[in-house]
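Contents: one structure, followed by commentary.
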Amino acid sequence: MSSQPAIRESRVSRTAVMALMFLLAIYFLLPVYFLIVAATKPQGDLASTNGLAFSDFNLFENLRVLFTRSDGIFGLWAMNTVFYAVLGAAVGTLISALCGYALAKFHFRGREFLFSVILGGVLVPTTALALPLFLLFSATGLVNTYLAVFLPSIVSPFGVYLARIFANASVPQELVESARLDGAGEFRTFFSVAFKLMTPALVTIFLFQFVAIWNNFFLPMVMLQKESLFPITLGLYQWNGQTARAPLLQQSVITGSLVSIVPVIIVFILLQRFWRTGLAAGSLK
């Protein structure tokens, strides 16, 4: 008899959780749906039709206007964003992996204090670092260059934290010692043994880095003045500020926003599959 109320309570809890998840899904997906609908409309239909209802399908013309406006500057912004995000995330992931592995496998005085300082860096908002970085880069003559956005992007305290945790959990000390006894140096041990075992965590770190750099806005706004160096976020922000004088830019801003989220979705799906494959392979080993 006592099992019946427990089963009923379990069903109620499951239903409540599913309902909450459904509401959260609507909350997060509704803006994406609105963006898709708005990007397919002609400029004149943006204000004259229901924002959540399709009208005349004009997506391909909107894309043509987007990529040809201002001599194709949006395409250059897209390439800049790919450069900042892909290369920055790759280099940042490698640096995080090396630092996390060193903190996990090497014993030296002040290791825990250093790790505490790195954890403290996780709590510092990136916006709080923009002005000190600008002053530093201005003194070295790097403001308004690719390096002004690229160099800060490769540092990730959270990535170091994840790398250390996963190195401790997935890289047995016996394997490291065996590699050393076989005459392998520290870098060879890392790349031939630890790197493969840490692959699922490194993919996760790369994903976090990629999304953060791709969506980065404040740092480029502080560091860059040349339009040719802008990422997509800053370029669309500049166009959006000109819509009062040039209303036709509104449609390009909306279409550009839709285009800008497509690579993030693709990368996330691909890396999710790879991450799950890596975890399965690691569990089998």
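Provide the per-residue ³J(HN,Hα) series for region 130-142, in order, calculated from phi with Karplus coefficients 6.51, -1.76, 1.60 and θ = phi - 60°, each as a whole number of Hz, with x at glycine and proline positions.
Values, residue by residue: 5, 5, x, 5, 5, 5, 5, 6, 5, 5, 9, x, 9 Hz.
If we sort 199-212, 40-53, 14-27, 256-269 on the protection proxy, mean other Cβ atoms within 10 Å, highest first, what's the order? Please list the in-between numbers first.
On the way: 199-212: 21.5, 40-53: 13.9, 14-27: 9.9, 256-269: 15.5.
Going by the mean number of other Cβ atoms within 10 Å, highest first, we get 199-212, 256-269, 40-53, 14-27.
Taking springs between alpha-carbon atoms closer than 10 angstrom, which of 129, 76, 224 fluctuates most in the Gaussian network model of the chain?
129
Where the accessible area of region 1-93 is counted over protein heavy atoms with a 1.4 Å probe, how much of it, in %, is carbon and sulfur?
72
In percent, how large is the relative contact order of the chain, given Cα pairs closer than 8 Å and 6 or more residues apart?
With pairs under 8 Å counted, the relative contact order is 26 percent.
Based on Cα positions only, what radius of gyration and what Dmax would you give for region 62-118, in angstroms?
Final numbers for Rg and Dmax: 20.3, 60 Å.
What are the radius of gyration and Dmax of region 95-207, computed over its Cα atoms and given in Å?
Values for region 95-207 (Cα only, Rg and Dmax): 16.6, 49 Å.
Using a simple spin-label model with points 7 Å from Cα along the Cα→Cβ vector, what separation in nm is obtained for residue 186 and residue 28?
Result: 4.0 nm between the two label points.
On a full-extension model of 0.36 nm per residue, what is the gain between residue 15 and residue 119, subtracting their alpha-carbon distance, rounded to one decimal in nm?
Numbers: separation 104, 0.36 × 104 = 37.44 nm, distance 3.81 nm.
This chain segment gains 33.6 nm when fully extended.
What list of whole percents do you get for P(r) of region 10-115, with Cα-Cα distances grouped in 5 Å bins up to the one holding the largest distance?
The percentages, shortest bin first, are 2, 9, 9, 9, 9, 10, 10, 11, 11, 8, 6, 4, 2, 0.
Order of 170-177, 227-234, 92-99 by packing, highest average Cβ count within 10 Å first?
In decreasing order of mean packing, 170-177, 227-234, 92-99 become 92-99, 227-234, 170-177.
Pulled fully out, how much extra length does the chain show between residue 47 and residue 83, if you take 0.36 nm times their separation in residues and subtract their Cα-Cα distance?
Working: separation 36, 0.36 × 36 = 12.96 nm, distance 3.56 nm.
Between residue 47 and residue 83, full extension yields 9.4 nm more.
Over the Cα atoms of the chain, how large are the radius of gyration and the largest Cα-Cα distance (Dmax), in Å?
So, for the chain, Rg and Dmax equal 23.9, 77 Å respectively.
Output wanted: per-residue J couplings in Hz (rounded whole) for region 49-63, from phi through Karplus 6.51 cos²θ - 1.76 cosθ + 1.60, θ = phi - 60°, x for Gly and Pro.
Whole-Hz 3J(HN,Hα) from phi for region 49-63: 10, 4, x, 9, 10, 6, 10, 5, 6, 10, 4, 5, 5, 5, 5.
Would you mind working out the magnitude of the charge dipole of the chain relative to its Cα centre, with +1 at each Lys and Arg C-beta and -1 at each Asp and Glu C-beta, to the nearest 20 Debye?
Computed about the Cα centre, the dipole is about 500 debye.
Once amide H atoms are placed 1.01 Å from N in the peptide plane, what residues at a sequence separation of 5 or more from residue 58, or on another chain, have their amide H within under 5 Å of its amide H?
41
If you project the alpha carbons of region 170-253 onto their three principal axes, what span does each projection cover, largest first, in Å?
Principal extents (Cα only, largest first): 70, 22, 15 Å.
For the chain, set up a Gaussian network in which alpha carbons nearer than 10 Å are linked by springs, and say which option among 167, 38, 246 fluctuates the most.
Highest fluctuation of the listed residues: 246.
Subtract the Cα-Cα distance of residue 238 and residue 138 from 0.36 nm times their separation in residues, and report this length gain in nm to one decimal. Before the final figure, lay out the partial values.
On the way: separation 100, 0.36 × 100 = 36.00 nm, distance 2.27 nm.
Using 0.36 nm per residue and subtracting the Cα-Cα distance, I get 33.7 nm.
Heavy-atom accessible area per residue, the chain, 1.4 Å probe: how many Å²? If you can, show how the numbers build up before the last one.
Numbers: 16800 Å² over 285 residues.
For the chain, the solvent-accessible area averages 59 Å² per residue.
The values are calculated or read from the model by the stated rules, or taken from the named source; none is laboratory data. The model shown is predicted, which means the values in this text are computed figures rather than measured ones. Positions of Cβ are generated from backbone atoms using ideal geometry, with glycine treated the same way; all protein chains shown enter the neighbour counts. Quick note on the areas: whole protein, heavy atoms, side chains included, nothing else; ligands and nucleic acids left out. Shrake-Rupley method; radii C 1.70, N 1.55, O 1.52, S 1.80 Å.
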